[in-house]
Each structure stands twice: as structure tokens, then as C-alpha cells.
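For reference, the structure discussed in these notes is given below.
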Amino acid sequence: MEKVELKKGIYWVGAIDWNVRDFHGYSTPYGSTYNAYLILDEKNVLIDTVKAPFYLEMLGRISEIIDPGRIDIVVCNHVEMDHSGSSLQIIDRIGSPLVVTSERGKKGLEKHYGRSWKFKTVKTGETLSIGHRTLVFVEAPMLHWPDSMFTYIPEEKLLLPNDTFGQHIASCQRFADELEESQVMKHAAKYFANILWPLAPLVLKKIDEIKKMGIPIEMIAPSHGLIWRRDPSRILQAYVDWSQGKARKKVLVVYDTMWGSTERMAKAILTGLIEEGVEARLFHLRSNHRSEIIEEMLEAKGILLGSPTLNNGMFPTMGDFLTYMKGLRPKGKLFGLFGSHGWGGGAIKEMRKLLESEKFEIWEKELSVQFVPNPEELSRAVQFGREFAKRIV
Ligand code: FEO
């Protein structure tokens, strides 16, 4: 195996999951990686582990560099099993290393693995000298779980923030600068939108806290995807922009259809949006995964939701999408509603009720058609799109 050295004596020893296509409800068409890092110093340190089925892959990479029994310290930045899943095996293999984690991390590890290891719990600002280098710990609750923390190595200006700044991508490359920037940022945006979006205020607070700590960051090595080796300020700024809800004049038309009527309305609305110069995209709910639509939503100012009525309510795929979306709490978007119905309506009412209960901003106008839209109703749909576009400044 080729060794990947991030900094002199610091290695990537993670695993590549080429085949994962669903990460707890998030579609991962490009797979993922579980990044673990090995630091050689007077005390050798393993930062995080990998998902359990990939233990031997990680062990193989470590063994290419040192005898795993020579690891003195295992840092667990996050208990979720894509990172702690090999802890039991590697800690047993090492013997009795010091396990460094947050207080909640200790509780989580004990509950997950039923072992009481030689723990050292740390809080923000605590340090641990490992010889020529120092580990500085920064608690990062809810980024991504309450137990999460970052590890920083000042001598290397290296931040190891676990889930934050990651991307779900399996690739031969290990560094973000080895792929085209727009491609990497697209993966990072999807990851942020589907995992960290509801935590945006905490992201901003944490970035501010790190800035105030005055710690220079030359490299960011997250626990998924590519390492930000060059100019990590790009991903830091992108996180600030996404967390602040920076969006452009872009509208998504998200719909499902039973007999094609809502789809015809959706396409007519799209025409109206385009005629007004808006960047517009159409998403049929059964042709696009919810997590792909959420990624597109990140930088959109408006969302038009269309559903036929089924059993006096919205179509089930719309219910699935809205349930997922409300949990991610996208802020600063304007929603519009449309749909078709047969003998009785109900879809728009149900969508509105759900959006209102979550305090989303909803355009006062709505568009409803019975059975099949006629030419006059399709013209109204184009006009509906044009008017919505004017509301998106
Ligand atoms: Fe990648 Fe929260 O685990």
C-alpha cells in the first residue's frame, strides 16, 4: 500500500468505502472514506478509527508504517460508528493505550463497546504533549454529535475536525487540490446541506471561536473525503457562507405527479421562472434522491413545491421530502405551493400546514388545478412562475 504522508511523520491510515450508496438516508453515489490519522512522535498517536468492516484495511495501513502495538494514544474525536467502529479491535490489538476523548465521548464509547479503557477526558483548550508536538483539544458539541471534538496540532498548523469540513467521496486522491475545485466543493456542499445545515449557528460560533483562539490553520484533515492541504480558508469561507444562508437567484421546482397534471404545471411554472431570468431547476421526487435536492436547495432562494392530492392529502413522496427537509431547517428560503386534484383537494393544504408549523416563509399565492390543466390554466402556471421569480430578489 502506498503511504500517504500529510506532514512529516503524520499519515493517513483510513479506509475507502467504494460501495456505500446510502449513508443513513443520504445518497452516496460516489462512496465515502473513513479517515484515520497516525502521528509518529515520542508518543505515537492514532486519531480516530474506521467503520468496523474496514478494520483490517486500517490495520494494514498502520502496519506499513509501524507495529500497531507501538501506538500509545488513541484519540476519539467522535463516537459515531463510522469513526469509532474499529476501536474495540484496534485497542485490543494495541494492548492498553490511553484513550483520549471528551466526557460525552467516554460515555458513548463505554455504552457502544461495553469496555472501560484507560480514558483521559479533555475539555476545550486542554493540551497533551506527545514529544515534539502538542495535541490541543476543542470541544465541538453537535458538530456532529454532542460528543464531537476537534484535535489541533499547533506545531503543524493542522486541524483534525472529524466530521466537519468532510465530503462523502471515494477516490484514489487523498487531497482536495488533486481534484477539480468545483467538483470537491460540490461534494462538500452536499455534505454540509445534508448533515450540518441544521447546526449552522453552531458552525458559525465554532469558526468564530477558532479565529479568536488565534490558531493558524495550514491544513484541515477531516474524517471523510479529501484533505484540505492548500488554502483551507476556501472551505472555511464556504462554511461561513452556507451557514449564513448566502443564496443566489435560483429556484427549485420540486414535485411529484400521478397522471401528469402536476408535472405539466411544474414545467409551465419553470418556463415562467426562466422567462424572468431566474436560474431554475426541476426535480421530480421519484427521479431524484431527497439528499440531491437538498444539496441544490443550499444556494437557492426559492422553492416551489407541487403535489397531486391523494386520499385528501399530499403525495407520499412529498411527505417524505418535507419530513427530511424540515429536520435540516433550511433558513431564508421562500416557499410556493401548487398542485392538482380530482374530486377533492387537500395536498396544498397539508403542505402549507406542515411548512407553517415549522415557521417557513410561504408565498401567499398558490395554484391549484382540477383534473388536467387546460391551455388557460397552463398560461396561469407560467404567470405564477413569473410572479414568484419577481419575489426572489
Ligand atoms: Fe462521520 Fe457523525 O459521523
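The values are calculated or read from the model by the stated rules, or taken from the named source; none is laboratory data. Keep in mind that what you see is a predicted model, and the values were worked out from it rather than measured. Backbone-built Cβ (ideal geometry, glycine too); neighbour counts: all protein chains shown. Keep in mind that these areas ignore ligands, DNA and RNA; they rest on the heavy atoms of the full protein, side chains included. Shrake-Rupley method; radii C 1.70, N 1.55, O 1.52, S 1.80 Å.
What aspartates and glutamates could a cross-link reach from Lys3, if we take a straight Cα to Cα line under 12 Å and drop same-chain neighbours fewer than 8 places away?
Glu64
What does the accessible area per residue of the chain come to in Å², with a 1.4 Å probe and no ligands, DNA or RNA counted?
Per-residue accessible area for the chain comes out at 42 Å².
Before anything else, pin down the relative contact order of the range 188-257: Cα pairs under 8 Å, at least 6 apart, normalised by residue count, whole percent.
This gives 33 percent for the range 188-257.
Over the chain, with every protein chain in place, what whole percent of the accessible area is carbon and sulfur at 1.4 Å, could you tell me?
Carbon plus sulfur share of accessible area: 52 percent.
Provide Rg over Rh for the range 294-365; use the alpha carbon set for both Rg and the Kirkwood Rh (inverse mean inverse pair distance).
Using only Cα positions, Rg/Rh for the range 294-365 is 0.96.
Of Lys120/Lys205; Lys326/Lys353; Lys7/Lys157; Lys212/Lys246; Lys51/Lys123; Lys186/Lys326, which pairs sit farther than 19 Å apart, going by alpha carbon to alpha carbon?
Check vs 19 Å cut-off fails for Lys120/Lys205; Lys212/Lys246; Lys51/Lys123; Lys186/Lys326.
To the nearest 10 degrees, how steep is helix 103-113 against the longest Cα principal axis of the chain, on a 0 to 90 scale?
Once rounded, the angle reads 90 degrees.
Leaving out ligands, DNA and RNA but keeping every protein chain, what accessible area does Leu128 have, in Å² rounded to the nearest 10, with a 1.4 Å probe?
Taking all protein chains as shown, Leu128 has close to 30 Å².
Taking the Cα centre of the range 1-102 as the origin, how large is its charge dipole in debye, to the nearest 20, when only Lys and Arg (+1) and Asp and Glu (-1) carry charge on their Cβ atoms?
100
Relative to the longest principal Cα axis of the chain, at what angle does helix 261-275 sit, 0 to 90 degrees, rounded to 10?
Taking Cα atoms only, the helix is inclined about 80 degrees.
Which angle between 0 and 90 degrees, to the nearest 10, do you get for helix 233-243 versus the longest principal axis of the chain when only C-alpha atoms count?
Helix 233-243 sits at roughly 40 degrees to that axis.
Any idea what the relative contact order of the chain is, in percent, if you count C-alpha pairs under 8 Å spaced at least 6 apart?
The value is 12 percent.
Where in the chain lies the longest segment free of chymotrypsin sites (Phe, Trp or Tyr not before Pro) that are both loop residues by DSSP (not H, G, I, E, B) and have at most 16 other Cβ atoms within 10 Å?
The longest such stretch corresponds to 19-258.
Suppose we keep just the alpha-carbon trace of the range 247-367; what are its Rg and Dmax in angstrom?
Rg, Dmax (Cα atoms, Å): 13.1, 39.
Going by amide H atoms built from the backbone, whose H comes under 5 Å of the H on Glu299, apart from near neighbours?
For Glu299, whose amide H was placed from the backbone, there are no distant partners under 5 Å.
Under the rule of at least 5 residues apart or a separate chain, name every residue whose amide H is placed under 5 Å from the amide H of Leu304.
Leu252, Val253, Val254, Gly336
Could you run the Karplus curve 6.51 cos²θ - 1.76 cosθ + 1.60 with θ = phi - 60° over the range 93-99 and give me ³J(HN,Hα) per residue in whole Hz, x for Gly and Pro?
Once rounded to whole Hz, the list reads 5, 6, x, 9, x, 6, 9.
How far apart, in nanometres, would the label points at Val240 and Tyr324 be if each is projected 7 angstrom from Cα along the Cα-to-Cβ direction?
A separation of 3.1 nm, rounded to one decimal place.
What does the helix-only formula give at 222 nm for the chain: each DSSP H stretch with n ≥ 4 adding -39500 (n - 2.57), the total divided by the residues, and the result rounded to the nearest 500 deg cm²/dmol?
Here the helix-only value at 222 nm equals -10500 deg cm²/dmol.
Long-range amide H contacts for Thr33: which residues qualify at under 5 Å (H placed 1.01 Å from N, peptide plane, sequence gap of 5 or more or a different chain)?
Asp17, Ile169, Gly225
Would you calculate the separation in nanometres between label points at Met142 and Asp177, each defined as 7 Å from the Cα along the Cα-to-beta-carbon direction?
Each label point is offset 7 Å from its Cα along the Cβ direction, giving 3.5 nm.
Quick one: in the chain, what % of C-alpha pairs are over 37 Å apart?
31
With contacts defined as alpha carbon pairs under 8 Å and 6 or more residues apart, what's the relative contact order of the range 1-119 in percent?
20
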